[in-house]
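> Here you go, one structure.
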Amino acid sequence: MSAARRCSPPRALAGLFIWHLKKTGIRQVPCQFVHLCRVANDRLITFQYFNFLKRMYVTQYNKDLSQRAKPKSDSVASPFRESQQLDQEKKVIHKIIPISPVHQPLSKTSNINELKEMKLAAEIEGSATPLRAESKEERQWKEMKLRLDDLPGILARLSKIKLTALVVCTASAGFAMAPVPFDLTCFLLASLGTGLASCAANSINQFFEVPFDSNMNRTKNRPLVRGQISPLLAVCFAASCGVPGIALLTLGVNPLTGALGAFNIFLYTCCYTPMKRMSIANTWVGAVVGAIPPVMGWTAATGSLDAGALLLGGILYSWQFPHFNALSWGLREDYSRGGYCMMSVTHPGLCRRVALRHCVALIGLSTVAPVLDITTWTFPIISLPINLYISYLGFRFYRDADRSSSRKLFFCSLWHLPMLLLVMFSCKKSLLEKEEKGDLHGGSHGRAMEMRLP
Amino acid sequence: MAAARAGRALRAAGGSCCHRCSSSSSSGGGAGPGFRPPPHSRHDWIGPPDRLSNLRPVIFHVPRDESALERRLREARQDAQAWNQRFWAQQNAAFQQEKEEFIYSRLKAKGLAVRDETGQKATLNAEEMADFYKDFLSKNFRKHMHYNRDWYKRNFTITFLMGQVALVRALRWLRWKKKSVGN
């Protein structure tokens, strides 16, 4: 808690998303970029600010990445007490925890007996006064009544609004890269529809995963876990986002985009979410889920699924691996205890190989872009430094296989993607150039216009 | 200060004995002997995460005019809560125990003491623990498969029942509204 409050002036990285700073109860150095902040004792803190949301921190404590929400003026929650508990819980991650006597079957091994003796000793030193603990516990009980002024914040967290925003950005990138004249209405409809579909998918995901989320540090402050919203309401919210979202995409944009959106919701909720607990193949399915939004953006603009859409999807697909594999490296304990089948736990070598492979693939895919006439040849040249850098970090992760290299790779992936998309957009091949060359895209543009008219 | 806190605790504990409320049956440390929701409250109450299972226990409110459907819903939720609590408490306890055994055996194999000179407990880093995590996950795979299947079933049932209860309540409210408008 106190660590989060202290912050030395951050090093601003390349400007990513600029968010308005929300004045909160916790005093911080005002920052308007996503940046890294190195505090004493090697703790990295990433701040992400939104003007209408509560702040989320990815904090590193005791070399473990975890995420927790700090509600600003949540009258229902008592953040301080919970945070203290969180801090305590975090502190014991890699230490032998003095736990209260759990009923254990008699064991013949000397190891167990020695352990028991140590535990008993630890207990005696570690217990708090009963009365204080009890009244503190009582204050932590909350009435499960839905308060309307908390509802926007709760729904924002339920729909994983930051992830949704990222998904909408990638869809917009797909739209922007499409070789057709920019249509603002279509763009807004496509973005809104994609955003709603993403909200729906995320809500259903949280609905399915309540007990698992409770047991993982990263996710234990989600609304359903904390009982701030009932499962019924979560499902209704998902339906009320998903149905209009898909309808908007199908009727307001084109049926292809609507179909892709519906398919993506299905893939995420009915394939990826259950598969997380069944097989490591879930990572590949999840990568497809992440790759579809830019494809949707492209099809929203052009009405057809052509090579450019697949290339953009391919870039997002490849990006998912260094991003997720690096993140999952620090969560192995939680995954193991919670029963999640992730490569980082079961096949660590594969995990790192795949991450490296896809970092390098990004270089290849960036080179294919001008070949498909999506960008000029300056794109692979300008994007080479950042692609090489992430590949280098991927290689370090592959070779070192430790916490610091995985963290570096993860944080690099956070700025790498927006930069790549920005560079891609700035190197986009202009329509005029293409029309002068008289190539096929002029024809497909006409086709696209036909498809958009009802 | 302590006296005030003690007073508050006693009041909270003794205040609502007459209020009918059902707490989760085998909730271990979470529900605690002390907490009772205030008598005027007509909602469920949710508590801090249980020490063993990390799940938050819920004390379900039993309304005086509880219908059969509502009772089914409440019982399903209580049942699921107890079942979840049992599973995760056992799972987490097994994890902690096996983890300690693993650390102990590894430290012994390395010839290191469990506590070093400063009295701190020695730990293994994440890479050394990786073998344990992989082993634990594969050992418990089938258990998790069964748990997942049951959890999805219970979750759907409970949510469906919630939907039915909400629908019945809404219809009842509409009928009452019509009647009062008619009068």
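The values are calculated or read from the model by the stated rules, or taken from the named source; none is laboratory data. In this text the structure is predicted, and so the values were computed from the model without any measurement. For neighbour counting, all protein chains shown are included, and Cβ atoms are generated from backbone atoms with ideal geometry for every residue, glycine included. Protein only, heavy atoms only, side chains kept; ligands, DNA and RNA dropped before computing areas. Shrake-Rupley method; radii C 1.70, N 1.55, O 1.52, S 1.80 Å.
> Working with all protein chains in place, sort A:LEU350, B:LEU171, B:LEU52, A:LEU362 by solvent-accessible area computed with a 1.4 Å probe, largest first.
Ranked list, largest accessible area first: B:LEU171, B:LEU52, A:LEU350, A:LEU362.
> Can you give me the % of accessible surface on segment A:147-303 that is carbon or sulfur? Probe 1.4 Å, all protein chains present, nothing else counted.
79 percent
> How would B:HIS61, A:HIS416, B:HIS146 rank on accessible area, largest to smallest, probe 1.4 Å?
B:HIS146, B:HIS61, A:HIS416
> If ligands, DNA and RNA are left out, what is the accessible area of B:VAL168 with a 1.4 Å probe, given in Å² to the nearest 10?
Ignoring ligands and nucleic acids, B:VAL168 comes out at about 60 Å².
> Return the residues of segment A:267-287 for which accessible area with all protein chains present is lower than in the chain on its own by 40 Å² or more; set the probe to 1.4 Å and exclude ligands, DNA and RNA.
In segment A:267-287, residues shielded by partner chains: A:ARG277, A:MET278.
> Using the alpha carbon gyration tensor of segment A:166-230, what are the three equivalent-ellipsoid semi-axes (square root of 5 times each eigenvalue), largest first, in whole Å?
The three semi-axes for segment A:166-230 are 34, 12, 7 Å.
> What would the Debye formula give as log10 I(q)/I(0) at q = 0.16, 0.19 Å⁻¹ for the alpha-carbon point model of segment A:306-432, no solvent?
-0.74, -0.94
> From Cα pairs below 8 angstrom and at least 6 apart in sequence, can you work out the relative contact order of segment B:45-182, rounded to a whole percent?
After rounding, I find 23 percent.
> What percentage of the solvent-accessible surface of segment A:306-432, computed with a 1.4 Å probe over protein heavy atoms, is contributed by carbon and sulfur atoms?
72 percent
> Averaged over peptide A:343-351, how many Cβ atoms belonging to another chain are found within 10 Å of each residue's Cβ?
Neighbouring Cβ atoms belonging to other protein chains average 2 per residue here.
> Then there's this: Buried accessible area for the A:B pair, summed, 1.4 Å probe, in Å² rounded to 100?
6000 Å²
> Let me ask another. What order do A:MET144, A:MET342 take when sorted by accessible area (1.4 Å probe), most exposed first?
A:MET144, A:MET342
> Before I look further, what does segment B:45-182 give for accessible area per residue, probe 1.4 Å, in whole square angstrom?
56 Å²
> Can you tell me the alpha carbon radius of gyration of segment A:263-356 divided by the globular rule-of-thumb value 2.2 N^0.38 Å?
Taking the Cα Rg and dividing by 2.2 N^0.38 Å, one obtains 1.18.
> May I ask for log10 I(q)/I(0) of segment B:45-182 at q = 0.11, 0.20, 0.21 Å⁻¹, from a Debye sum over the Cα atoms as equal point scatterers with solvent left out?
-0.64, -1.21, -1.26
> A further question on this structure: Between the chain alone and the structure with every protein chain in place, find the residues of segment A:300-341 that drop at least 20 Å² of accessible area; heavy atoms, 1.4 Å probe.
Output list: A:ARG332, A:GLU333, A:SER336, A:ARG337, A:GLY339, A:CYS341.
> Between A:LEU146 and B:ARG169, what is the spin-label point distance in nm, taking each point 7 Å from the Cα along the Cα→C-beta axis?
0.9 nm
> Would you tell me the mean number of C-beta atoms belonging to other protein chains that fall within 10 Å of each C-beta in B:153-166, as a whole number?
3
> In addition: Roughly how far apart, in whole Å, are the Cα centres of segment B:68-91 and segment A:212-240?
The distance from the Cα centre of segment B:68-91 to that of segment A:212-240 comes to 17 Å.
> Over segment A:216-366, with the other protein chains present, what is the accessible area per residue in square angstrom, probe 1.4 angstrom?
28 Å²
> Figure the gain on full extension for A:SER279 and A:LYS162 (residue separation times 0.36 nm, minus the Cα-Cα span) and round it to one decimal in nm.
So the extension gain works out to 39.4 nm.
> In percent, how large is the relative contact order of segment A:306-432, given Cα pairs closer than 8 Å and 6 or more residues apart?
In percent, rounded to a whole number, it is 31.
> What's the average, rounded to a whole number, of partner chain beta-carbon atoms within 10 Å of each residue's beta-carbon in A:232-238?
Shielding by partners across A:232-238 averages 3.
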